[in-house]
Amino acid sequence: MKRVITYGTFDLFHYGHVNILRRAKEYGDYLIVAISTDEFNWNEKHKKCYFTYEQRKQLVESVRYVDLVIPEENWDQKITDVQEYHVDTFVMGDDWEGKFDFLKDYCEVVYLPRTPEISTTQIKQELKK
Ligand code: C2G
């Protein structure tokens with residue numbers, strides 16, 4: 001069984017998120033998604049989510065490609081996650097290109113093109129108009 005992991009906030013869940021999850025699952029048989037907790041988002045990413053962690057977890061767990069959701073609580077858990085969950089492949093959108101290459105000592109690292117024209121920030125801005 002090939003195991004894949006990806007990380008993100010996944011706030012205001014949209015088709016760009018579905019696209020990365022669908023493509024990540026193509027790299028294996030079991031997809032783990034680490035969702036940023038509310039505290040991690042606020043303290044480290046200075047993001048205030050519209051949906052809480054539990055609501056974002058519920059949405060991501062409903063996606064057919066997703067097998068397990070775990071919390072992302074800090075920037076430093078990726079190596080232990082890869083080891084603890086026996087991950088073969090780490091996948092992220094290419095806005096993170098190169099940022100997680102240190103994981104290459106532990107698993108395959110894949111950066112995939114982002115879905116153009118959609119982002120949580122853009123949704124928020126357009127709703128404000
Ligand atoms: N994404 C995408 N296309 C979009 C929007 C997002 O492919 N139009 C991808 C991002 O590249 C990322 C994933 O969807 O791989 C989740 O995006 P965010 O929720 O914005 O996550 P981010 O804030 O980038 O957090 O430790 C890693 C961080 O937790 C990533």
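Nothing in this text is a laboratory measurement; each read-out follows from the coordinates by a stated rule. Just so you know, these numbers come straight off a predicted model, no measurement behind them. All Cβ positions, glycine included, derive from the backbone under ideal geometry; neighbour counts span all protein chains shown.
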Query - Within the chain, helix-based [θ] at 222 nm, where runs of 4 or more DSSP H residues each add -39,500 (n - 2.57), nearest 500 - result: -9000 deg cm²/dmol
Query - residue 85-residue 46 pseudo-label distance in nm [points 7 Å out on the Cα-to-Cβ vector] - result: 2.8 nm
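For residue 101, what is the net charge nearby, where nearby means another residue's Cβ is under 12 Å from its Cβ and Lys, Arg count +1, Asp, Glu -1? Spell out each step's value before the answer.
Numbers: positive: 78, 99, 104; negative: 97, 105, 108.
Result for the neighbourhood of residue 101: 0.
Using the Cβ atoms and a cut-off under 13 Å, what net charge is assigned to the surroundings of residue 2, where Lys and Arg are +1 and Asp and Glu are -1?
Values: positive: 3, 25; negative: 26, 29, 67, 88, 108.
That sum, taken over residues with Cβ under 13 Å, equals -3.
Past 32 Å, Cα to Cα: identify those pairs from 47/129; 78/129; 2/99; 78/124; 104/129, in the order given.
On the way: 47/129 20 Å; 78/129 38 Å; 2/99 23 Å; 78/124 29 Å; 104/129 43 Å.
Flagged as over cut-off: 78/129; 104/129.
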Requested in this report: Would you be so kind as to identify which of 12, 75, 98 lies farthest towards the positive end of the dipole of the chain, taking Lys and Arg as +1 and Asp and Glu as -1 on Cβ and the Cα centre as origin?
Outcome: 12
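Are there chymotrypsin sites (Phe, Trp or Tyr not before Pro) in region 72-129 that DSSP marks as loop and that have at most 13 other Cβ atoms within 10 Å, and which are they?
Working: sites: 75, 85, 90, 96, 100, 102, 106, 111; in loops: 75, 85, 100, 106.
Those that pass, being in a loop and sparsely packed, are 75.
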Report task. Write down the percent of antiparallel bridges among all DSSP beta bridges whose residues are both part of the chain, to the nearest 5. Result -> 0 percent
Requested in this report: Springs between alpha-carbon atoms under 10 Å, Gaussian network over the chain: tell me which of 84, 61, 108 tops the mean-square fluctuations.
Outcome: 84
Query raised in the report: Given the convex hull over the Cα atoms of the chain, what projected area results after averaging over all orientations, in nm²?
Result: 7.5 nm²
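Based on the Cβ-Cβ distance from residue 67 to residue 128, what FRET efficiency comes out when R0 is 30 Å, to the nearest 0.05? Present the calculation step by step, with values, prior to reporting the outcome.
Working: r = 36 Å, r/R0 = 1.19.
The computed FRET efficiency comes out at 0.25.
For Cα pairs less than 8 Å apart in space and 6+ apart in sequence, what is the mean separation divided by the residue count of the chain, i.e. the relative contact order in percent? Intermediate values should be presented prior to the final figure.
On the way: 204 pairs, mean separation 39.3, N = 129.
After rounding, I find 30 percent.
In nm, what is the difference between 0.36 nm times the number of residues separating residue 1 and residue 101 and their Cα-Cα distance?
Numbers: separation 100, 0.36 × 100 = 36.00 nm, distance 2.33 nm.
So the extension gain works out to 33.7 nm.
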Report task. Sum up the charges of everything whose Cβ sits under 12 Å from the Cβ of residue 71, counting Lys and Arg as +1 and Asp and Glu as -1, but leave residue 71 out. Result -> -4
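Tell me, 17, 46, 86 in order of fewest to most beta-carbon neighbours within 10 Å? It would help to have the intermediate numbers written out before the result.
Details: 17 25, 46 7, 86 11.
Going from sparsest to densest Cβ surroundings: 46, 86, 17.
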